[in-house]
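Student: Below you will find the structure I want to go over with you.
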Amino acid sequence: MNKWFSIIINDNFCKGCAICVEICPKDVLAMSKDANPSGYLLAQVIEPQKCIGCMECELHCPDLAIEVISLKDATISTRK
Amino acid sequence: MILNKYLRPEVFPTPFCPGCGHGILLQAVLRAIDELSLDINKMVFVSGIGCAAWIPSPHFAADTLHTTHGRPIAFATGIKLFNPSLKVVVISGDGDISAIGGNHLIHAARRNLEITVICANNSIYGMTGGQVGPTTPMRAKTATTPQGNPEPSFDLCGLVRGAGASCIARATVHHTRELIKYIKKAFTHQGFSFIDVISPCFTQFGRRNKEISGASPAEMILNLKKLCVHVKSSDELFTFKQNDKILIGEFVK
Ligand code: SF4
Ligand code: SF4
Ligand code: SF4
């Protein structure tokens with residue numbers, strides 16, 4: 001577990017494009033072998049403890065399917 | 001998600017192909033609105049026809065107008081003249097805005113009409129089957145130029161600058177934080193503002209041009225980092241030349 005950030009993937013919205021997996025600088029995410037009802041292989045969180053909350057995955061998801069939640073600081077934002 | 005309040009949840013998932021850049025632009029526009037605390041009920045989003053025209057309509061929980069091919073800027077002009085208190089935003093594709101509706105674009109820029117035009121530029125006609133367009137790079141393969149495009153492409157930022165636009169930027173969906181910054185600038189600019197947003201289409205462009213795009217939608221988005229050069233000053237957006245590189249940056253008069 002990661003006490004700072006939690007990542008939520010919406011299985012109904014995800015289309016398995018793997019952009020989040022490729023863009024994550026810490027290899028937190030990977031593609032799973034499970035498909036959602038539409039047949040898309042989903043992204044999944046494999047190493048949550050490594051997440052640094054950079055938001056790159058969320059900002060680059062074309063389907064608004066991944067969300068980074070800050071557990072300690074409510075002001076996490078897209079602003080650098 | 002913080003963007004939920006701007007969305008119509010019942011229309012998701014989006015109609016876009018997996019990994020389409022347009023979804024990234026969709027959220028960037030909403031994040032700009034959120035960061036500026038704009039009232040989305042006082043905004044009108046106008047789009048034409050094509051994949052990019054689906055960015056605001058039906059996803060945004062706001063007034064949206066999905067108009068005929070190439071004409072969103074004409075409709076937007078009417079809305080702005082009728083009710084100048086509304087913030088009017090055109091979001092549509094490169095074929096729609098620069099080819100079929102190219103005349104509307106240059107005259108809105110010339111009039112310095114206070115609207116924002118966001119051009120989701122995937123350099124091809126995506127929805128209709130991948131035909132060559134005026135923004136297709138030279139030598140790129142499309143359904144109608146299988147041997148490579150023999151014509152040079154349009155620099156849309158240069159075009160609107162020549163027509164008199166006062167706030168111009170080019171960004172990509174890879175450089176999301178900059179993209180949000182430019183959209184915010186455009187939304188607060190008094191006068192005509194234009195953003196050329198490079199938004200990859202793997203389905204129609206990428207899979208025909210894997211040597212420049214990479215092998216997947218994700219690679220195509222990541223490759224933008226290598227393909228782009230940030231200009232140092234605003235004039236360089238029009239004067240600086242580097243072979244096969246996309247110039248990104250802003251120009252404000
Ligand atoms: S970027 Fe979004 S749609 Fe693509 S795999 Fe990741 S969560 Fe799924
Ligand atoms: S917030 Fe950053 S580190 Fe965490 S999963 Fe997303 S991209 Fe990876
Ligand atoms: S055809 Fe291209 S632009 Fe249209 S939704 Fe698919 S990837 Fe996006």
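Student: Give the range B:5-14 a look and list any residue that's more than 11 Å from every other protein chain (Cβ to nearest Cβ) and either basic (Lys, Arg) or in contact with a strand residue (DSSP E or B) (Cβ under 9 Å, 6 or more places away or on another chain) (or both), or say none.
Tutor: B:Lys5, B:Arg8
Condition check ((1) over 21 Å from B:Lys181 (Cα atoms); (2) in contact with a helix residue (DSSP H, G or I) (Cβ under 8 Å, 6 or more places away or on another chain); (3) hydrophobic (A, V, I, L, M, F, W, C)) across all residues:
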| site | (1), (2), (3) |
| --- | --- |
| B:Tyr6 | no, yes, no |
| B:Thr14 | yes, yes, no |
| B:Leu26 | no, no, yes |
| B:Leu30 | no, yes, yes |
| B:Glu35 | no, yes, no |
| B:Asp39 | no, no, no |
| B:Lys42 | no, no, no |
| B:Ala52 | no, yes, yes |
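Student: Residue under question is B:Arg111, and the condition is that it be within 23 Å of B:Ile168 (Cα to Cα) and buried (at least 21 other Cβ atoms within 10 Å of the Cβ); does it hold?
Tutor: Considered against the rule, which asks whether it is within 23 Å of B:Ile168 (Cα to Cα) and buried (at least 21 other Cβ atoms within 10 Å of the Cβ), B:Arg111 comes out as no.
Student: Out of the residues in the range A:19-48 that are small (Gly, Ala, Ser) and under 10 Å from the mean Cα position of the chain (by Cα), state the one that is nearest to ligand 1 (Cβ to nearest atom).
Tutor: For the range A:19-48, the residue satisfying everything is A:Ala43.
Student: Ok, one more. Out of curiosity, is A:Asn2 over 13 Å from the mean Cα position of the chain (by Cα), near ligand 2 (Cβ under 10 Å from one of its atoms) and farther than 24 Å from B:Thr172 by Cβ?
Tutor: For A:Asn2, the condition - over 13 Å from the mean Cα position of the chain (by Cα), near ligand 2 (Cβ under 10 Å from one of its atoms) and farther than 24 Å from B:Thr172 by Cβ - is met.
Student: What number of residues within the range B:32-59 are in contact (Cβ under 8 Å) with a residue 60 or more places away in the chain, surrounded by 18 or more Cβ atoms within 10 Å (Cβ to Cβ) and more than 13 Å from chain A (Cβ to nearest Cβ)?
Tutor: Number of matching residues: 2.
Student: Scan the range A:46-57 and report the pairs whose first residue is away from ligand 3 (no atom under 16 Å from the Cβ) and whose second residue is of a type in the set (Phe, Trp, Tyr), with Cβ atoms within less than 8 Å and a gap of 6+ or a chain change.
Tutor: Cβ pairs passing all conditions: A:Pro48/A:Phe5; A:Cys51/A:Trp4; A:Cys51/A:Phe5; A:Ile52/A:Phe5; A:Gly53/A:Trp4; A:Gly53/A:Phe5.
Student: Tell me which strands (runs of 3 or more DSSP E) are completely within the range B:165-253 and hold 2 or more residues being small (Gly, Ala, Ser) and either away from chain A (no Cβ under 14 Å) or under 15 Å from the mean Cα position of the chain (by Cα) (or both), or say none if there are none.
Tutor: Fully inside the range B:165-253 and qualifying: B:167-172.
Student: Residues to consider are A:Ile69, A:Ile52, A:Ile7; find the one that is in contact with a Ser or Thr (Cβ under 9 Å, 6 or more places away or on another chain) and among the β-branched types (Val, Ile, Thr).
Tutor: Result of the check over A:Ile69, A:Ile52, A:Ile7: A:Ile69.
Student: I've got another one for you. Counting only residues that are on the phi > 0 side of the Ramachandran plot, give me the helices (runs of 4 or more DSSP H) lying completely in the range B:1-111 with at least 2 of them.
Tutor: Because the criterion is at least 2 residues that are on the phi > 0 side of the Ramachandran plot, no helices (runs of 4 or more DSSP H) in the range B:1-111 meet it.
Student: Considering only the range B:15-31, state which residues are within 8 Å of another protein chain (Cβ to nearest Cβ), open to solvent by less than 10 Å² (accessible area, probe 1.4 Å), within 17 Å of A:Cys57 (Cβ to Cβ) and within 15 Å of ligand 3 (Cβ to nearest atom).
Tutor: Within the range B:15-31, B:Gly19, B:Gly21, B:Gly23, B:Ile24, B:Leu26, B:Gln27 meet the criteria.
Student: For B:Ile49, indicate whether it is within 16 Å of ligand 2 (Cβ to nearest atom), among the aliphatic types (A, V, I, L, M) and under 28 Å from B:Phe205 (Cβ atoms).
Tutor: Here the answer is no, as B:Ile49 does not meet what is asked.
Conditions (1) farther than 23 Å from B:Phe45 by Cβ; (2) buried (at least 19 other Cβ atoms within 10 Å of the Cβ); (3) away from ligand 3 (no atom under 16 Å from the Cβ), marked per residue:
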| position | (1), (2), (3) |
| --- | --- |
| B:Cys119 | no, yes, no |
| B:Gly129 | yes, no, no |
| B:Thr142 | yes, yes, no |
| B:Asp155 | yes, no, yes |
| B:Ala165 | no, yes, yes |
| B:Ile180 | no, yes, yes |
| B:Phe192 | no, yes, yes |
| B:Ile198 | no, yes, no |
| B:Pro217 | yes, yes, no |
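The values are calculated or read from the model by the stated rules, or taken from the named source; none is laboratory data. Remember, it's a predicted structure, so these values are computed and weren't measured experimentally. With ideal geometry, Cβ positions are generated from the backbone for all residues, glycine too; neighbour counts draw on all protein chains shown. Heavy atoms of the whole protein, side chains included, go into the accessibility calculation; ligands, DNA and RNA do not. Shrake-Rupley method; radii C 1.70, N 1.55, O 1.52, S 1.80 Å.
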